[in-house]
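The values are calculated or read from the model by the stated rules, or taken from the named source; none is laboratory data. Keep in mind that what you see is a predicted model, and the values were worked out from it rather than measured. Here Cβ is always computed from backbone atoms with ideal geometry, including for glycine, and neighbour counts include all displayed protein chains. The area values use the complete protein model at the heavy-atom level, side chains included, leaving out ligands, DNA and RNA. Shrake-Rupley method; radii C 1.70, N 1.55, O 1.52, S 1.80 Å.
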Amino acid sequence: ITSIIVTGFAGNLKGTYVYETRGTDANGPFQLAGVIVLDGNGGITSGEQTHNDPLLSVSDAVTGGSYNIGPDGRGTLTINTADINIGQQGVENLTLAFVSNSQALIATLDNPNLPLSNETSSGTLDLQSSVTAPTAAYAFAVSGTDLAAQPMSMGGVFNIDAGNAISGSGSVADQDDAGTLFPSATLSGTLTKPDSFGSLKLNFTAGFAASPIQFTAYIVDGTHMKLIESDNDGTGAGLGTTAGIAIGQGAATGKF
């Protein structure tokens, strides 16, 4: 008889991971995106994140946290921030399902011993393999709602030139705002340099928007970035509550 010892998966999640979830909270559509550093021993050492709902977009440092994974690959993820208005008094509690050392599935699951967050969301945790500044053209797509809580989606291509400029040449965007279509709108802007966690700001001027649009981007690898809208400052400015992805076109740059 050969005995089989079943162990957990916590050591298989080690490194820097980009996460994003989408769902609803008490204010309406809710999105969360960020970066956390997992130590391979159940601890979160650092990170940063962006929270977005119809009332406010806010970015915060991740101050710590923990995670655990059981023998069946299921576990929990607890992310701590210093912002008591986020999650459960600054703590975000999620379930975790191990897929591989480069990905896990996550979903909000409040700690019943803390005031409820009223958040319901799900998404992914992806291993970060690069924080190199993006270059050339990226295709992007985001969805959510506008400031009037009407369904809205945007997509297109932004072309990055020298000097962190987003050129109007080769850049274009489409918008569907509650069934009102704005196809092939002009798109230009700027982007910031990535910080140490691979986070940067994309600042767009689009032909369909009266005010600038800002996304916080979290780099996953050399061709993928998670996007979350971060232009809602609580004063009614901004475009809406959206999130999505940008994918580098590589050799296809300029061909679409």
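Just a few scattered comments:
- All conditions but one from (1) assigned to a loop (DSSP other than H, G, I, E, B); (2) hydrophobic (A, V, I, L, M, F, W, C); (3) at pLDDT 95 or above; (4) closer than 16 Å to ASN52 by Cβ apply to ILE228; the one that does not is (1).
- Some residue of region 110-120 being buried (at least 20 other Cβ atoms within 10 Å of the Cβ) and in a strand (DSSP E or B): no
- The residues of region 205-224 that are aromatic (Phe, Trp, Tyr) and either open to solvent by 10 Å² or more (accessible area, probe 1.4 Å) or closer than 20 Å to SER167 by Cβ (or both), listed by number, are PHE208, PHE215.
- Positions within region 225-256 being out of contact with any strand residue (DSSP E or B) (no Cβ under 6 Å at 6 or more places or on another chain) and buried (at least 19 other Cβ atoms within 10 Å of the Cβ), in sequence order: GLY238
- Residues in region 66-84 that are touching a residue at least 12 places away in the same chain (Cβ under 8 Å) and either in a loop (DSSP other than H, G, I, E, B) or aromatic (Phe, Trp, Tyr) (or both): TYR67, GLY70, PRO71, GLY73, ALA82, ASP83.
- Among the criteria (1) surrounded by 17 or more Cβ atoms within 10 Å (Cβ to Cβ); (2) farther than 30 Å from LEU77 by Cα; (3) not small (Gly, Ala, Ser), the one PRO134 does not fulfil is (2).
- Extreme residue, least open to solvent (accessible area, probe 1.4 Å), among residues of region 87-109 that are of a type in the set (S, T, N, Q) and in a strand (DSSP E or B): GLN88
- Some residue of region 38-56 being in a strand (DSSP E or B), under 26 Å from GLU229 (Cβ atoms), open to solvent by 60 Å² or more (accessible area, probe 1.4 Å) and hydrophobic (A, V, I, L, M, F, W, C): yes
- Check on GLY198, within 18 Å of GLU20 (Cα to Cα), open to solvent by less than 30 Å² (accessible area, probe 1.4 Å), of a type in the set (Gly, Ala, Ser) and at pLDDT 95 or above: yes
- Filtering region 13-37 to residues that are open to solvent by 20 Å² or more (accessible area, probe 1.4 Å), assigned to a strand (DSSP E or B) and either in contact with a Phe, Trp or Tyr (Cβ under 6 Å, 6 or more places away or on another chain) or of a type in the set (A, V, I, L, M, F, W, C) (or both) leaves GLY23, THR24, VAL37.
- Given (1) buried (at least 24 other Cβ atoms within 10 Å of the Cβ); (2) small (Gly, Ala, Ser); (3) free of Cβ contacts under 8 Å to residues at least 24 places away in the same chain, number of the condition GLY179 does not satisfy: (1)
- Qualifying residues in region 1-12 (those that are open to solvent by less than 60 Å² (accessible area, probe 1.4 Å) and assigned to a loop (DSSP other than H, G, I, E, B)) - the one modelled with the highest pLDDT: PHE9
- Residue among GLY198, GLY163, GLY189, GLY156 that is on the phi > 0 side of the Ramachandran plot and in contact (Cβ under 8 Å) with a residue 60 or more places away in the chain: GLY198
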